[in-house]
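Notes follow the structure.
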Amino acid sequence: MDGRVKILRYTLCIALGLVLGGVFGLVIWRFTPICPNVDLIDLVGVPTLATTTAPIYFAGIDTPEQSSIRLVFVGDIMLDRNVKERMRIAKDLAYPFRKLPAGWFNSFDYAVANLEGALTDKRRAPEKSIDFQFDPAVAPILKTQGIDAFSQANNHALDQGNPGYADSVRRLREAGFLVFGHQVQDDAISLATTTVQGRRLAFLGFNTTDNPIDRDAASQSITLAKQQADTVIVYMHWGTEYRDKPDASSVELAHWFIDNGVDIVIGGHPHWAQGFSTYKGKPIVWSLGNFVFDQDWSAQTRQGLAVEIEIGDRIVVKPIPLQIDASQPRIVEGEERAKRLEALSKISDATLAKQIRDGVVAWPQYGTDPTP
């Protein structure tokens with residue numbers, strides 16, 4: 001049959017099928033004499049389509065699993081005392097976050113912070129000279145900001161007693177947060193896991209500021225974490241306040257964590273930012289300092305640090321210097337950022353100094369130290 005005639009009859013068949021519609025159109029296609037029983041490749045000028053077993057991805061329908069994920073860690077968030085008063089005066093529960101770029105936390109795949117106290121509805125015993133209690137009304141504000149997980153492993157988690165701690169964990173979880181850690185317990189309560197873009201993460205929170213770590217319990221928690229996750233991250237509360245370098249005891253403990261299989265160690269509590277180290281090819285961030293606080297009396301307590309951590313075939317840590325004015329952190333840019341990175345490089349391992357000044361420290365593979 002002439003190819004042009006086939007095309008004409010094929011076109012008429014399609015038109016008729018569209019008019020009659022549905023199943024009846026298919027019947028017409030197969031049995032009406034004007035529709036030739038031909039394959040598409042029989043038509044003049046239509047090339048044969050090659051078959052392939054390779055998957056085809058369409059934006060918004062099926063996308064391949066990301067090769068890496070981006071996390072952000074920030075330091076201590078304290079929402080009582082002068083911070084609470086500043087929120088009251090501003091009539092704005094989101095006051096502490098107003099100087100951050102809009103959607104900043106949400107620009108990462110996952111965001112983690114230390115909540116320096118209990119989110120609970122009333123003050124309870126024991127009474128302390130420094131006693132933190134956070135209004136539960138801030139929970140949805142924290143969620144709206146884009147924070148995903150909180151450590152409660154710090155020396156203020158039990159400020160409102162065990163009932164206050166339990167209430168805080170319950171309220172945070174009901175608000176949609178992952179919560180991990182305790183002030184004095186180092187067993188399974190220290191551990192929480194999640195999956196981000198197909199990568200399994202385990203977070204462990206421990207506090208040694210007012211009690212020694214129970215290494216037997218912590219070791220069991222680490223073992224459990226390794227069984228459940230691809231990457232194990234410890235978020236520590238440790239060290240001596242108002243210092244820019246870690247104590248010898250913190251160094252020994254960080255090495256112990258890594259010897260026992262932890263992949264990344266991040267610290268807080270000193271209220272000052274401290275430097276970076278590497279041990280057996282694993283990163284250690286000694287202290288992030290403050291994030292939301294009211295310690296306005298010194299430059300160091302107003303100079304916080306966030307870190308972006310990219311996890312894939314390698315680990316990449318990017319320092320993000322912060323300036324905290326009247327309990328509002330902002331991201332430092334330009335010359336001010338360069339000065340802060342220079343200062344950070346001087347209190348870090350010498351082998352990491354250049355990369356810190358450049359703003360990117362990369363561990364090529366798990367267990368491989370960066371090249372200076």
Quick check on the stretch 243-251. Is at least one of its residues surrounded by fewer than 24 Cβ atoms within 10 Å (Cβ to Cβ), assigned by TED's automatic domain parsing to the domain that holds ASP131, modelled with pLDDT of 95 or more and touching a Pro at 6+ places or on another chain (Cβ under 7 Å)?
yes
Could you check TRP272 against (1) under 26 Å from LYS128 (Cα atoms); (2) among the hydrophobic types (A, V, I, L, M, F, W, C); (3) surrounded by fewer than 22 Cβ atoms within 10 Å (Cβ to Cβ) and say which number it fails?
(3)
Is it the case that some residue within the stretch 262-275 is closer than 13 Å to ASP349 by Cβ and in contact with a Pro (Cβ under 9 Å, 6 or more places away or on another chain)?
yes
Which one is farthest from the chain's Cα centre (by Cα), of the residues in the stretch 97-133 that are of a type in the set (S, T, N, Q) and part of a loop (DSSP other than H, G, I, E, B)?
SER129
Checklist (1) under 29 Å from ARG200 (Cβ atoms); (2) assigned by TED's automatic domain parsing to the domain that holds GLU241; (3) acidic (Asp, Glu); (4) not in a strand (DSSP E or B) applied to ASP369, failing item:
(2)
Taking the stretch 255-284 only, how many residues are of a type in the set (Gly, Ala, Ser) and touching a Lys or Arg at 6+ places or on another chain (Cβ under 9 Å)?
3
When the stretch 167-186 is checked residue by residue, the ones that are in contact (Cβ under 8 Å) with a residue 24 or more places away in the chain and either of a type in the set (Val, Ile, Thr) or in a loop (DSSP other than H, G, I, E, B) (or both) are ALA175, GLY176, PHE177, VAL179, GLY181, HIS182, GLN183, VAL184, GLN185, ASP186
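For every residue, the table says whether it meets (1) out of contact with any Ser or Thr (no Cβ under 9 Å at 6 or more places or on another chain); (2) among the β-branched types (Val, Ile, Thr); (3) touching a residue at least 60 places away in the same chain (Cβ under 8 Å).
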{"position": "PRO136", "(1), (2), (3)": "no, no, no"}
{"position": "GLY146", "(1), (2), (3)": "no, no, no"}
{"position": "ALA153", "(1), (2), (3)": "no, no, yes"}
{"position": "TYR165", "(1), (2), (3)": "no, no, no"}
{"position": "ALA188", "(1), (2), (3)": "no, no, no"}
{"position": "ILE213", "(1), (2), (3)": "yes, yes, no"}
Among the residues listed as ASP210, ASP131, the single one being out of contact with any His (no Cβ under 9 Å at 6 or more places or on another chain) and modelled with pLDDT of 95 or more:
ASP210
Being among the basic types (Lys, Arg) and surrounded by 20 or more Cβ atoms within 10 Å (Cβ to Cβ) narrows LYS282, LYS346, LYS318, LYS354 down to just LYS282
Please identify the pairs in which a residue from the stretch 299-311 that is in the same structural domain as ASN106 (by TED's automatic domain parsing) has its Cβ atom under 6 Å from the Cβ atom of a residue that is part of a strand (DSSP E or B) and among the hydroxyl-bearing types (Ser, Thr, Tyr), counting only partners at least 6 apart or on another chain.
ILE311/THR231
Among the residues of the stretch 229-266, the number that are over 20 Å from GLY75 (Cα atoms) and free of Cβ contacts under 8 Å to residues at least 12 places away in the same chain is 2
If you go through the stretch 357-372 one residue at a time, how many are surrounded by 13 or more Cβ atoms within 10 Å (Cβ to Cβ) and either touching a Ser or Thr at 6+ places or on another chain (Cβ under 8 Å) or on the phi > 0 side of the Ramachandran plot (or both)?
6
Out of PHE291, PHE257, sole residue that is surrounded by 21 or more Cβ atoms within 10 Å (Cβ to Cβ), among the aromatic types (Phe, Trp, Tyr) and over 22 Å from LEU341 (Cβ atoms)
PHE257
Can ALA118 be described as more than 30 Å from THR223 (Cα to Cα), among the small types (Gly, Ala, Ser) and touching a residue at least 40 places away in the same chain (Cβ under 8 Å)?
no
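The values are calculated or read from the model by the stated rules, or taken from the named source; none is laboratory data. Predicted model only: the values in this text are computed from it and were never measured. So basically every Cβ, Gly included, is an ideal-geometry build from the backbone, and we count neighbours across all protein chains shown.
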